[in-house]
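Take a look at the structure set out below.
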Amino acid sequence: MAIASPSAPAFSASFCSGRGECTRLIRLPPAAAQSLKLNSRCQALTRRLTISSRLNSSTPGPGGSVSPDNGDLQYELQHMLSARRRRRGSPVFVTLPADAVGPTAGQVRRRKAMAQSFRALAAAGVEGVVMEVWWGLVERDQPGVYNWLGYWEIVAMARRCGLKVRALMAFHQWGAGPGDPQWIPLPQWVLEEIDKNPDLAYSDRFGRRNVECISLGCDILPVLRGRSPIQAYTDFMRSFRDVFRPLLGDVITGIQVGMGPAGELRYPSCPSQKLMWAWRSRELGEFQCYDKYMLASLNACAQEIGMREWGNGGPIGAGNLMHDPELTEFFRSENGSWNSPYGKFFLEWYSRMLILHGERICREAETIFRGIEVNTSAKVASIHWHYGTQSHPSELTAGYYNTSTRDGYLPIARMFGRYGFTLCCTCFEMQDEEEKQMNPVSSPEGFLRQLLLAAKLCDVPLEGENSASNLDDRSFQQVLKMSRSFSEGVEKPSFVFNFVRMDKNLFEYQNWVRFTRFVRQMSVANIFRARLGRADIHASTTDFSRGGFAFSCS
């Protein structure tokens, strides 16, 4: 079954056999979809919501995990449940596995385990889930033909469990390559265009291409079969809005718009699969300005100020990925050319191009979702491993013109504020004390404080995330500390935390105990209670550990 939406505000459904044979059955216009939704809601409200469970074990299952009790745990949790569990604090969302939807976007993977996990999250007081909606799956084979079925199923599943959904428009690839079991590339037809025109991909000074996403240098050029990349992103978001309109603002409460590699507003200065460990090796990154479109922009800017020789490429003497910045001509603290007239010219152009790219996408998204009660957000990368230096080289190569003498995040926060966007960033669980043992010039807390201040100054709400799936109490306490530091002194604090990500480790007994305690602490609630008919659920950690929830990655 597939939901296809070329661009019209309607969708069609068809059943597909395992052999790939499809038979078109129905076509539902928005009015019919709305009617179905209303009927479903009426039925839900007139039914008595019940929870039936057999909780006959007070200990975790074999191997210390929380396993189902014969699978006989059933919930019907609708919107009344969500309304009865309003919190006074900060809501917690949980990011789903990247491969939650199969390669053709037509089916939910591990559907039974996913449903059990959703029930557990709802019972623990989690507000909702973050669902990555992959461009490479939905618009996989042909431009303008979208298959939303797998994501529709996830949203429907979340709705049944009383969970909200935040949808991330993922215009980038995922995974290390075709051999990666979670590999999700760009759409096949986009990759074909890149094969014809390699300059659609970012390039560094060594000619190495990065196809995690399309180069922002060609944002507004009709290089994708008559459409520009911005138009392709816009059409994708518009189709999502039209298909999911009945659930927007009700179940789907947030839209995060991808703006670069890993969904972050940045250049792919080093491959994303290496980025989460880059601070360990202190990689500088490479300037991504050598495709013909970026070079054309740089050359035009250099000619405009009468310095044609500055438009031939990126900085000379920037070292290599693994270089000590103090041994490079460009990044060194004393007399480094990053602080010279040329360095300032280049870095201003490089960062301005990135902000312009973000602004184009923000403008389109704001227009598409205007008048719909959904929160729009975008993500900034947490690049902290040279934060203690003068030049902040790894931030510069990623496009953040942030140094000891210049605030590179305030312009980004201002831009988000103009379009009513929330700012999302990671590394909320990281601590300087621990990181400096491996890298003395790293400062995740220093970076985060600067970003939080920029958000406060621009009155921009904040979404926090963890960089790694740490499930120890110390990490959770650090998240609480940093979230409260953002809320202090803010008249109307707005903070949401996305836990990255749901996997089988989350439901291991001790991890689940720590996680549910963290959710309660974030919500400023002693215990999660839901009254369903005559039944009360006291969703303490122990109860739901006994209840038997598991998420299988197999």
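The values are calculated or read from the model by the stated rules, or taken from the named source; none is laboratory data. All of these numbers come straight from a predicted model, not from anything done at the bench. Every residue, glycine as well, gets a Cβ built from its backbone with ideal geometry; the counts of neighbours run over all protein chains shown. Ligands, DNA and RNA are stripped out before the accessible areas are found, and what is left, the full protein with its side chains, is counted by its heavy atoms. Shrake-Rupley method; radii C 1.70, N 1.55, O 1.52, S 1.80 Å.
Tabulated data for the structure shown
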| quantity | calculated |
| --- | --- |
| So Arg110, is it touching a Pro at 6+ places or on another chain (Cβ under 9 Å), more than 25 Å from Gly260 (Cα to Cα) and open to solvent by 10 Å² or more (accessible area, probe 1.4 Å) | yes |
| Subset of the stretch 220-260 (residues that are assigned to a strand (DSSP E or B) and either farther than 20 Å from Val133 by Cα or open to solvent by less than 30 Å² (accessible area, probe 1.4 Å) (or both)) | Leu224, Arg227, Leu248, Ile252, Gly254, Ile255, Gln256, Val257 |
| Selection from the stretch 269-288 of residues that are open to solvent by 20 Å² or more (accessible area, probe 1.4 Å) and either at pLDDT 60 or above or within 15 Å of Val211 (Cα to Cα) (or both) | Pro271, Ser272, Gln273, Lys274, Arg282 |
| Spans of helices (runs of 4 or more DSSP H) in the stretch 431-511 with at least 1 residues of a type in the set (Phe, Trp, Tyr) and within 30 Å of Gln182 (Cα to Cα) | 473-487 |
| Residues being in a loop (DSSP other than H, G, I, E, B) and at pLDDT 95 or above - total across the stretch 208-219 | 2 |
| Qualifying positions in the stretch 364-408 - surrounded by fewer than 18 Cβ atoms within 10 Å (Cβ to Cβ), of a type in the set (Lys, Arg) and not in a loop (DSSP other than H, G, I, E, B) | Arg406 |
| Residue count for the stretch 428-473, restricted to those that are open to solvent by 30 Å² or more (accessible area, probe 1.4 Å) and free of Cβ contacts under 8 Å to residues at least 24 places away in the same chain | 5 |
| Residue count, the stretch 188-207 (criterion: out of contact with any Asp or Glu (no Cβ under 6 Å at 6 or more places or on another chain) and part of a loop (DSSP other than H, G, I, E, B)) | 4 |
| Residues that are part of a strand (DSSP E or B) and of a type in the set (A, V, I, L, M), drawn from the stretch 122-180 | Val129, Val130, Met131, Val133, Val165, Ala167, Leu168, Met169, Ala170 |
| Looking only at the stretch 194-205, and only at residues there that are over 18 Å from Pro261 (Cβ atoms) and of a type outside the set (Lys, Arg), the one that is most open to solvent (accessible area, probe 1.4 Å) | Asp195 |
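Each row is one residue, and each column tells you yes or no for (1) open to solvent by 10 Å² or more (accessible area, probe 1.4 Å); (2) under 23 Å from Ile361 (Cβ atoms); (3) in contact with a helix residue (DSSP H, G or I) (Cβ under 7 Å, 6 or more places away or on another chain); (4) among the charged types (D, E, K, R).
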site	(1), (2), (3), (4)
Met114	no, no, yes, no
Ala124	no, no, yes, no
Glu132	yes, yes, no, yes
Val145	yes, yes, no, no
Trp152	yes, no, no, no
Ala156	yes, no, no, no
Leu168	yes, yes, yes, no
